[in-house]
1. Within the chain, how many Lys pairs that are eight or more residues apart, or on different chains, come under 30 Å at the alpha-carbon?
2. How long is the gain from E18 to T2 if the chain were fully straight, where each residue apart is worth 0.36 nm and the alpha carbon distance is subtracted?
3. Of the listed values (1) 16.7; (2) 13.5; (3) 14.5, identify the label whose number matches Kirkwood radius over Cα pairs in Å calculated from this model.
4. Where the only charges are on Cβ atoms (+1 Lys, Arg; -1 Asp, Glu), what is the dipole of the stretch 4-65 about its Cα centre, to the nearest 20 debye?
5. From the helices alone, meaning DSSP H stretches of at least four residues, give me the mean residue ellipticity at 222 nm for the chain, per-run term -39500 (n - 2.57), in deg cm²/dmol to the nearest 500.
6. How big is D for the stretch 1-52, in µm² s⁻¹ as a whole number, if Stokes-Einstein is applied with the Kirkwood radius of its Cα pairs at 10 °C and 1.306 mPa s?
Amino acid sequence: MTLHNKACTLLKLGRLGESDELFRRIYKVKVRVWGEDDASTLLTRFWMAFVLEKHGNWRGGLKIHEEVYEARKRVLGPEHPHTTISMSRISECRFVLKK
């Protein structure tokens, strides 16, 4: 099992603190090895934002999702599935914050 899969499993089990910590460790390594705009690095950052949402930190999640969206749009293109998923998460965060 990769560390990314382990972090996702921890998230699904509701072990948010452990998942958050692991995603942050993974992110630091990916930035160092591949850079901030690598698709895999952006995926990890996406999950970091999702963990913030699950913690109830919708503003923090929104900020990261917006940054990931802009990077994905630049790197992968505006119609790439990962880019559109980021746009979807931004919409969800904004909807929740307007309630």
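1. The result is 27.
2. So the chain would gain 4.3 nm between E18 and T2.
3. (2)
4. 120
5. -27000 deg cm²/dmol
6. 149
Read-outs throughout are calculated quantities, based only on the coordinates presented, and are distinct from any laboratory measurement. Only a predicted model underlies this, so the values are computations on that prediction, with no experimental measurement involved. Quick reminder, even Gly has a Cβ in these numbers, built from the backbone with ideal geometry, and neighbours come from all protein chains shown.
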